[in-house]
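The values are calculated or read from the model by the stated rules, or taken from the named source; none is laboratory data. What you see is a predicted model, and the numbers here were worked out from it, not measured in a lab. Glycine also receives a Cβ, built like all others from the backbone with ideal geometry; neighbour counts cover every protein chain displayed. For accessibility, only protein heavy atoms count, side chains too; no ligands or nucleic acids. Shrake-Rupley method; radii C 1.70, N 1.55, O 1.52, S 1.80 Å.
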Amino acid sequence: MSASLSSATPSGAVVPLGTQLAMFVRLLAVQGAWNYETLLGNGIGFCVEPALRRLPGGPEGEPYRAALARQSQYFNAHPYLTAVAVGALARAELDGEAPARIERFRTALCGPLGAVGDRLVWASFLPLCSFTALLVFGLGGSALTVILVFLVLYNAGHLALRVWGLRIGLRDGLGVARALGHPALKHMPMRLGRLAAALAGAALPLALQRVIGPGRVLLGGVLVAVIVGGLLLSRLHGRVEGWKLAILALTGFVLYATLR
Amino acid sequence: MSLADILVLALLGGVLGLDTVSFPQAMLSRPIVAGTLAGAFLGAAPMGLLLGATLELFAVETLPFGASRYPEWGSSSVVGAALYVGASSAPPGALATSVLATLLVAWIGGWTMVQLRKLNAHWARQRHDAVARGSRRVVVGLQLAGLTADLLRGAVLTGAGLFALHPLQQIVIGTWTGRAELSRAVVAATAAAVTLGAAYKLFHAVPGFHWQFTLGIAAGLAAVVIL
């Protein structure tokens, strides 16, 4: 995290670097108490808490208790982009914004942070990293190389997103919505999707070849089966999950191989 | 596989299960990582990688979107890799049975995550008044309780999976007929078909998807021929 994180806001409340580090580490566990009623709510309270200790009266004061109660209510968003919410909500509380305004802002954040994060991370960046690792595997990469490529690539993006979110949230407070309109967030999923599609195509035959191993002569037949199976699953898009069909197919194969 | 091995693998499964959602969600729980780590623990990282990469082809389809139920790959990949390494003396059925076992444990793991979320809700409901009063102890306590329960969930799932499936796998591969390469080909084809369907599901709305994907396939096939 950069030193610029430890900056004062227009209203003057400073969040020291140590407090920001505590918030950042807690953000890694923001989903620790995820449940079907308050979803991420308790996690938001847990992450904002170190900053709230700086409210007048400290952790024993009424402002601290009221703010912690407010921040531990229902909340939902993409887990990585909760950093934006945590930073912005901490800033709003420290700046003494009206509780009703903070609550309205909190509610308004849920949708955009969920939608942007899901498209950017789950539907684009994670598959991109998976296909990159599979490509390296298919090209003969060692165990260490493959997992390092995956983990370094993925977590460079993952941690950068959390750091950026916390920084921008603490800086902009209730004005953080502007940051979510950043062109990078808008166009990145599309660009990553294009790259991931190309990587998926390249990784598939190479990974298949390495999994099949010495039976390379079977590769042609396997590719035909993959195309037929893939087309079938594409037609069933949204109605059935492929991995569940795979359980059926593999169970059938295991029974065939053992009982025939 | 000794009891000590199972206990240490259960701990690894707990840690990787925790990564799936609760902490730190750094994707250590992805099969390609979790399988390799479990294989490395048993002294067979390349076998762990092979199993992990095969499972990753399935896992591309299942992304951890919010409240949806999805397979838990962290703990299950530890079970699968341990089974695969343990069955290395009987290669014909080793990959197919290990992958099938992983998919089943991943499915059960998804169910255990739902139960954990219900348990977290129960705890939160019981302490609602304290949270509404802004009790730091309760807010932090709920978070730590959830994290601990998730760690235990993954460890128990991994240990139970190994206890139940290791003997079963030994019986199945003892009666296995057919060639190893055919078995691997069936598993690979199934996994890749799921990946192909997933790629379409994820990217079909991306402009130029078909061209990008086709170019990629052409490059991949050329590399297979050349290398």
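Structure values in brief
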| item | result |
| --- | --- |
| Efficiency of FRET between A:L231 and B:V225 - r from beta-carbon atoms, R0 22 angstrom, step 0.05 | 0.40 |
| Per-pair calculated FRET efficiency, R0 = 41 Å: B:A132 and A:L159 via Cβ, rounded to 0.05 | 0.75 |
| Alpha carbon convex hull of segment A:58-102, projected area averaged over orientations, nm² | 3.4 |
| Rounded tilt (10° steps) of A:126-138 against the dominant C-alpha axis of chain A | 40 |
| Kirkwood Rh in Å, taken over segment A:1-140 so that all alpha-carbon pairs contribute | 16.2 |
| Distance between modelled label sites at B:A218 and A:Y74, nm, 7 Å Cα→Cβ extension | 5.2 |
| On Cα atoms only, tilt of A:143-172 relative to the major axis of chain A in degrees | 30 |
| Most fluctuating residue given options B:T62, B:T54, B:T102, as computed from a GNM of chain B linking Cα atoms under 10 Å | B:T62 |
| Given charges at beta-carbon only (K, R positive; D, E negative), |dipole| of segment A:147-203 in Debye | 140 |
| Residues in segment B:137-154 reached by a label modelled at B:W111 [backbone nitrogen below 20 Å; 7 Å Cα→Cβ] | B:150-154 |
| All lysines inside 26 Å of A:K244 as judged from Cα atoms, apart from same-chain residues fewer than 8 positions distant | B:K118, B:K201 |
| Computed label-point distance, nm, for sites A:L148 and A:K186 using a 7 Å Cα→Cβ extension | 4.0 |
| Reciprocal of mean inverse Cα separation for segment B:1-139 (Kirkwood radius, Å) | 15.8 |
| Three-way shape label, segment A:72-194, alpha-carbon gyration tensor, a/c 1.5 | prolate |
| Under the span-like rule (Cα at least 30 Å along the axis, Kyte-Doolittle mean at least 0.0), DSSP H helices of chain B | B:91-126, B:136-174, B:180-203 |
| Ranked order, A:K244, B:K118 - accessible area, probe 1.4 Å, largest first | B:K118, A:K244 |
| Projected-area mean, the protein assembly as shown, by convex hull of Cα positions, square nanometres | 22.6 |
| Lys, Arg +1 and Asp, Glu -1 on Cβ, resulting dipole of segment A:15-121 about Cα centre, debye, nearest 20 | 140 |
| Area of A:E97 that stays accessible when all protein chains are in place (1.4 Å probe, Å², to 10) | 60 |
| Average accessible surface area per residue within chain A, 1.4 Å rolling probe, Å² | 40 |
| In the B-A interface, the accessible area buried, summed over both sides, Å² (probe 1.4 Å) | 8100 |
| Area accessible to solvent at B:M1, 1.4 Å probe radius, in Å² | 80 |
| Global geometry of segment A:195-260, whether rounded, prolate or oblate, following the gyration tensor of its Cα atoms and the 1.5 cut on a/c | oblate |
